[in-house]
Amino acid sequence: MKVAAPPLAPILRSDAQGRILARVLADPAKSHSLSDLVAATGTSMPTVLREVRRGEQAGILTTEKVGPMRQVCARVDHPLYDAVRRIILATYGPPTVVAEEFAGIEGAEAVLLIGSWAARYLGEAGRAANDVDVLVIGDADRDLVDDAAQRVEERIGIPVQATVRTNSQWRSERGSFIREVKSRPLVVVLTNDRQELRRELLELEAKDSRSP
């Protein structure tokens, strides 16, 4: 059965390929176990094994056995490494990079990816996203949020727009913006231990998700 080209990057074979490469290429100094890639990308072990093998054959990835575990990392000496990395981070990189740069912002109860980028990531067809929209829920400092957005933008190479709304604004759905966010695809990047909010966000994400 022929798999449709992923809306985020039609030049790739699949969403799974893009998500796995983004996880590995986001930080070339890190190595990842196969089980980490399965958990982080929401794919299966056979899919991860297949895509890692393809990455090795292309010379973009390399693996090493460390004890009982097989570790995957980027092969930075490949002549096309920089070009491939730019494409992957600009398309599939936002979840990983946003999670890294927004982690630890005091008062942030959740960080979401919304808008057209989130829609493409979750499989909705349409024009390529020109930027990445981030929503922070909580009482986060606006300057810290803007600084994090700037760091993400520098890493992925496309504009990043960040918005902050309090938890009460999210729950009360005051204003059309929150209602629009809840009705459209979204990707949950970070949540705190508030179970009620976390459960609601994951349910909203699941209604628009498609399997990689």
The listed residue being assigned to a helix (DSSP H, G or I), in contact with a strand residue (DSSP E or B) (Cβ under 9 Å, 6 or more places away or on another chain) and closer than 21 Å to residue 117 by Cα, out of 169, 150: 150
Restricting the search to region 36-62, which residues are surrounded by fewer than 17 Cβ atoms within 10 Å (Cβ to Cβ) and in contact with a strand residue (DSSP E or B) (Cβ under 8 Å, 6 or more places away or on another chain)? 56
If residue 74 satisfies all but one of (1) touching a Pro at 6+ places or on another chain (Cβ under 9 Å); (2) closer than 22 Å to residue 129 by Cα, what's the number of the condition it fails? (2)
Inspect region 123-137 for any residue being among the charged types (D, E, K, R) and assigned to a helix (DSSP H, G or I) and give the result as yes or no. no
When every residue in region 97-122 that is assigned to a loop (DSSP other than H, G, I, E, B) and of a type in the set (A, V, I, L, M) is compared, the one surrounded by the fewest Cβ atoms within 10 Å (Cβ to Cβ) is 103
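Quick grid of which residues meet (1) of a type in the set (Ser, Thr, Tyr); (2) in contact with a Leu (Cβ under 6 Å, 6 or more places away or on another chain); (3) under 15 Å from residue 104 (Cα atoms):
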position: 138; (1), (2), (3): no, no, yes
position: 143; (1), (2), (3): no, no, yes
position: 151; (1), (2), (3): no, no, yes
position: 163; (1), (2), (3): yes, yes, no
position: 169; (1), (2), (3): no, no, no
position: 175; (1), (2), (3): no, no, no
position: 188; (1), (2), (3): no, yes, no
Report yes if residue 179 is in contact (Cβ under 8 Å) with a residue 24 or more places away in the chain, among the charged types (D, E, K, R) and assigned to a helix (DSSP H, G or I), otherwise no. no
Hey, among 86, 23, which residue is surrounded by fewer than 20 Cβ atoms within 10 Å (Cβ to Cβ) and assigned to a helix (DSSP H, G or I)? 86
Return the residues of region 56-74 that are assigned to a strand (DSSP E or B) and touching a helix residue (DSSP H, G or I) at 6+ places or on another chain (Cβ under 9 Å); say none if nothing qualifies. 61, 62, 63, 69, 70, 71, 72, 73, 74
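Condition check ((1) in the same structural domain as residue 182 (by TED's automatic domain parsing); (2) small (Gly, Ala, Ser); (3) touching a Pro at 6+ places or on another chain (Cβ under 9 Å)) across all residues:
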| residue | (1), (2), (3) |
| --- | --- |
| 60 | no, no, no |
| 79 | no, no, no |
| 106 | yes, no, no |
| 115 | yes, yes, yes |
| 121 | yes, no, yes |
| 134 | yes, no, yes |
| 151 | yes, no, no |
Going residue by residue through region 95-106, is there one that turns out to be closer than 30 Å to residue 168 by Cα, out of contact with any helix residue (DSSP H, G or I) (no Cβ under 8 Å at 6 or more places or on another chain) and acidic (Asp, Glu)? yes
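The values are calculated or read from the model by the stated rules, or taken from the named source; none is laboratory data. A quick note: this is a predicted structure, and the numbers were derived from the prediction, not measured. Positions of Cβ are backbone-derived with ideal geometry, glycine not excepted, and every protein chain shown enters the neighbour counts.
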